[in-house]
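The values are calculated or read from the model by the stated rules, or taken from the named source; none is laboratory data. Fair warning: this is a prediction, and the values are worked out from it, not measured in the lab. Don't worry about glycine lacking a Cβ; one is built from the backbone with ideal geometry, like all the others, and counts go over all protein chains shown. These area figures cover heavy atoms from the full protein model, side chains too; ligands, DNA and RNA do not enter into them. Shrake-Rupley method; radii C 1.70, N 1.55, O 1.52, S 1.80 Å.
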Amino acid sequence: MNLFRTFQAQIVDVIEDLIKAGELPEGLDTSRITVEPPRDASHGDISTNAAMVLAKPAGMKPRDVAALIAPGIEALDGVENVDIAGPGFINAGLSDAFWHHQLGQILNSGTDYGNSNLGDGEKINVEYVSANPTGPLHVAHARGAVVGDALVNLLRKAGFEVTSEYYINDAGNQVDQLARSAHLRYREALGEDIGEIPEGLYPGEYMIAIGEELADTLGDGLKDAPEEEWIETFRNVAIERLMDQIKDDLAALGIEQDVFTSERDLVAAGKVEHVQELLEARGLIYRGVLEPPKGKAAPEDWEPREQTLFRATDFGDDTDRPLKKSDGSWTYFSNDIANHLDKFQRGFSTMIDVWGADHGGYVKRMQAAVRAVTEGEGELDVKLCQIVHLKKGGEPFRMSKRAGNFVTLRDLIDELGESGKDIIRFIMLTRKNDSQMDFDLDKALEQSRDNPVFYVQYAHARCHSVLRNATGVLSEADLAPEKLAGADMSVLSDPAELELIRMLANWPKTVEAAAESHEPHRIAFYLNDVAALFHGLWNKGKDNVQLRFIDEDDADATRARLALVVGVATVIASGLQVMGVTPLDELR
RNA sequence: GCGCCCGUAGCUCAGUCGGAUAGAGCACAGGAUUCCUAAUCCUGGGGCCGCAGGUUCGAAUCCUGCCGGGCGCACCA
């Protein structure tokens, strides 16, 4: 529970008391009342819009309503003073003791601080990565992987019951081409000169080992056999190997997903037919001919064709969408509807998909389908991840080990060294998912203010450095968080110290807001703010000896200040945990 | 031509789902280190929040229309 929510509930109580007493009219809607930290610190610690929201329905002036509510707020625990300002804001200042108490709570909670019951155990499914099993992951996948995974952690922290999921596109033409590529490499492994890899097949070197394995296990009997005899086996083996590799790459990024759903299995289980029956029964399927796209040059082979169409326009899409290909097989779209219906039937009425921006044109139709197939009970939020431009020293970066090849995720991790995982994860979260991003390899390794990964890690390491130095004044046992939580915090009275505590106490609200909006990047920005205040306070100790964390002549003051230091380290660690980044105690 | 995303300081970006005088970093100018990591910090200038209307107590935020950039646009996945 974040403290602003607590105050919000208390203020609503105050208002209800006023209604009972006849001071305010009955039937006021209190749901729009918010309590927030004011942007300007001079306006106090908390601020509510209650008077402005209630003024109109109550038929009163905002300031008059505020005057009625203010005394009730002033009487609340922790409130020191109340002020009515501007158009009718009620601002309240909280006592130092209140903030000291918050700090104690941080120490007692550890990195669980910020955990919330906001989600109330509601089930949410987050699908991300879902790359085709036709090759290793490349950088373009990294952003979605990180965003999705951080979102999972974030939602869990906020009290949702989250399942992380990968949808394997193992049906359709692409995996058949994969099987053919494997067969070619199989023949190559048996000594045949295969020459150039034909257009449409997968030329990557990663196919060679698969071909060799197939040759080892199957012998040469399938070398000249017709495709029907081998395609299934080759497909299965290739997909399995590539999925293993993808899982390894994800593991290197610290990602391990709960559920892997196979498109092929969904089809085989008849789930797509089920979708069709369901839509048919609701009158949402018809045979029809689509208009060619206007303006843009029509596809070469376009011809008016009667198709099996889903009435997507009834659910907010721009045009109706085909469910079957001309050869009678299901479209990718049909299968993906089955995928989402399946998720819904497994109990997820809230679903989040993380996609690349190039799939943006697919959002509306999928959302339309989810609405149709769940009768409005299911909700799909799609997070689109914009492209990442790799750079090195400001120049576009290409790592063309093989001419024309993409940069694999593995290459990127290796390039960044042992902290590669943490660096990638942090940087990928320093932009909103839908804005484009430059990823500069030099900057990412730089140890400077310029590099947010370093800046936040440095703050955390500094905290631990202080604690290491503190053993001269306090015993190990005295440095335990739960021990420090009981310290007399009253020396923490400098504005910079209190500002830092306020920032730390903002963590639970940050978690809830980020979780509600499905925006994990907010965590990165918050941590940057925490680090900035901490570095600032640290440097104040240079001018003002009174503010140094360790005072060899005053164990009590040291205890209180170290409580603050541990609080900072705790909140940073808690935030990094959500991002999937390992906090460092030392940077040397 | 249609749809989606974006447009905020010279540059890169935040902006707590409608709040008060719009914030950081970089860059630029100046300053702080016998002292817990100066790998840091402090001070300063910088803005028509793309443009124009609308909604209301109140708009960077919501609606409409333009302008500019990115992505996508039958039976690929």
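Which residue is farthest from A:R431 (Cα to Cα), if the candidates are limited to the range A:452-489 and must be small (G, A, S), in contact (Cβ under 8 Å) with a residue 24 or more places away in the chain and assigned to a helix (DSSP H, G or I)? Top of the filtered list is A:A470.
For A:D120, are the conditions met, namely being under 23 Å from A:L500 (Cα atoms), outside the structural domain of A:M428 (by TED's automatic domain parsing) and out of contact with any Pro (no Cβ under 7 Å at 6 or more places or on another chain)?
On the way: under 23 Å from A:L500 (Cα atoms): no; outside the structural domain of A:M428 (by TED's automatic domain parsing): yes; out of contact with any Pro (no Cβ under 7 Å at 6 or more places or on another chain): yes.
Here the answer is no, as A:D120 does not meet what is asked.
Residue selection: A:A531 satisfies the criterion of being buried (at least 19 other Cβ atoms within 10 Å of the Cβ), under 35 Å from the mean Cα position of the chain (by Cα) and assigned to a helix (DSSP H, G or I).
Yes or no, residue by residue, for (1) open to solvent by 20 Å² or more (accessible area, probe 1.4 Å); (2) outside any helix (DSSP H, G or I):
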residue	(1), (2)
A:A140	yes, no
A:L151	no, no
A:E165	no, yes
A:D170	no, yes
A:A179	no, no
A:E192	yes, yes
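Are any residues in the range A:18-40 closer than 21 Å to A:K61 by Cβ and open to solvent by 90 Å² or more (accessible area, probe 1.4 Å), and if so, which ones? Within the range A:18-40, A:E23, A:E26, A:R32 qualify. The single condition among (1) touching a His at 6+ places or on another chain (Cβ under 8 Å); (2) within 16 Å of RNA strand B (Cβ to nearest atom); (3) at pLDDT 90 or above; (4) not hydroxyl-bearing (S, T, Y) that A:Q436 does not satisfy is (3). Here is the figure for the range A:541-554: residues that are under 20 Å from A:H464 (Cβ atoms) and either more than 6 Å from RNA strand B (Cβ to nearest atom) or aromatic (F, W, Y) (or both) total 4.
Specify which of the listed residues (A:T582, A:T510) is open to solvent by 10 Å² or more (accessible area, probe 1.4 Å), touching a helix residue (DSSP H, G or I) at 6+ places or on another chain (Cβ under 7 Å) and in a helix (DSSP H, G or I). If you could, list the steps in order and put the result at the bottom.
On the way: A:T582 fails: in a helix (DSSP H, G or I).
Step by step, each of A:T582, A:T510 is checked, and only A:T510 is open to solvent by 10 Å² or more (accessible area, probe 1.4 Å), touching a helix residue (DSSP H, G or I) at 6+ places or on another chain (Cβ under 7 Å) and in a helix (DSSP H, G or I).
The condition of being of a type outside the set (S, T, N, Q) and not in a helix (DSSP H, G or I) holds for only one of A:R431, A:R425, A:R410, that being A:R431. Take A:G159 and tell me if it is in a loop (DSSP other than H, G, I, E, B), open to solvent by 10 Å² or more (accessible area, probe 1.4 Å), farther than 21 Å from A:D422 by Cα and in contact with a strand residue (DSSP E or B) (Cβ under 8 Å, 6 or more places away or on another chain). No.
Could you grab me the full set of residues in the range A:356-381 that are hydrophobic (A, V, I, L, M, F, W, C) and near RNA strand B (Cβ under 9 Å from one of its atoms)? Before the answer, list the steps.
Residues of the range A:356-381 hydrophobic (A, V, I, L, M, F, W, C): A:357, A:363, A:366, A:368-370, A:372-373, A:380.
Hits for the range A:356-381 are A:A357, A:V363.
Restricting A:S326, A:S334, A:S262 to those that are outside the structural domain of A:G361 (by TED's automatic domain parsing), small (G, A, S) and in contact (Cβ under 8 Å) with a residue 24 or more places away in the chain reduces the list to A:S334. Taken over the range A:72-111, the criterion of being open to solvent by 20 Å² or more (accessible area, probe 1.4 Å) and assigned to a loop (DSSP other than H, G, I, E, B) is satisfied by A:A75, A:L76, A:D77, A:G78, A:G86, A:P87, A:S95.
When the residues of the range A:456-478 are filtered to those that are within 6 Å of RNA strand B (Cβ to nearest atom) and of a type outside the set (G, A, S), the one that is most open to solvent (accessible area, probe 1.4 Å) is A:N469. Starting from the range A:525-545, take each residue that is in the same structural domain as A:Q457 (by TED's automatic domain parsing) and list its partners that are open to solvent by 60 Å² or more (accessible area, probe 1.4 Å) and more than 6 Å from RNA strand B (Cβ to nearest atom), counting only C-beta distances under 7 angstrom and pairs at least six apart or across chains. As it stands, the answer is A:L533/A:E499, since those pairs meet every condition given.
Scanning the range A:548-559 for residues that are open to solvent by less than 50 Å² (accessible area, probe 1.4 Å) and within 37 Å of the chain's Cα centre (by Cα) yields one hit, A:F549.
When the range A:301-316 is filtered for residues that are near RNA strand B (Cβ under 8 Å from one of its atoms) and either open to solvent by less than 40 Å² (accessible area, probe 1.4 Å) or part of a strand (DSSP E or B) (or both), only A:Q307 remains.
Residues to consider are A:Q345, A:Q367; find the one that is surrounded by 14 or more Cβ atoms within 10 Å (Cβ to Cβ) and among the polar types (S, T, N, Q). Step through it out loud before you land on a result.
On the way: A:Q345 fails: surrounded by 14 or more Cβ atoms within 10 Å (Cβ to Cβ).
Only one candidate qualifies: A:Q367.
Would you be able to say whether some residue in the range A:245-254 is within 15 Å of RNA strand B (Cβ to nearest atom) and either under 30 Å from A:P136 (Cα atoms) or in a helix (DSSP H, G or I) (or both)? Yes, because at least one residue in the range A:245-254 is within 15 Å of RNA strand B (Cβ to nearest atom) and either under 30 Å from A:P136 (Cα atoms) or in a helix (DSSP H, G or I) (or both). Quick one: would you say A:D529 is out of contact with any Gly (no Cβ under 6 Å at 6 or more places or on another chain), among the acidic types (D, E) and within 9 Å of RNA strand B (Cβ to nearest atom)? When the stated conditions are applied, A:D529 passes them. Of all positions in the range A:434-442, at least one carries a residue that is charged (D, E, K, R) and touching a Gly at 6+ places or on another chain (Cβ under 8 Å).
Criterion first (of a type outside the set (D, E) and farther than 21 Å from A:G575 by Cβ) does A:L474 satisfy it? Steps first, please.
Working: of a type outside the set (D, E): yes; farther than 21 Å from A:G575 by Cβ: yes.
Yes; evaluated as a whole, the condition is true for this residue.
Would you please name the residue that is surrounded by the most Cβ atoms within 10 Å (Cβ to Cβ), looking only at residues in the range A:413-453 that are more than 22 Å from A:E395 (Cα to Cα) and either among the polar types (S, T, N, Q) or not assigned by TED's automatic domain parsing to the domain that holds A:A142 (or both)? Among residues in the range A:413-453 that are more than 22 Å from A:E395 (Cα to Cα) and either among the polar types (S, T, N, Q) or not assigned by TED's automatic domain parsing to the domain that holds A:A142 (or both), the one surrounded by the most Cβ atoms within 10 Å (Cβ to Cβ) is A:N433. For the subset of the range A:235-251 comprising residues that are surrounded by 17 or more Cβ atoms within 10 Å (Cβ to Cβ) and of a type in the set (A, V, I, L, M), which member is farthest from A:D422 (Cα to Cα)? Per the criteria, the residue is A:V237.
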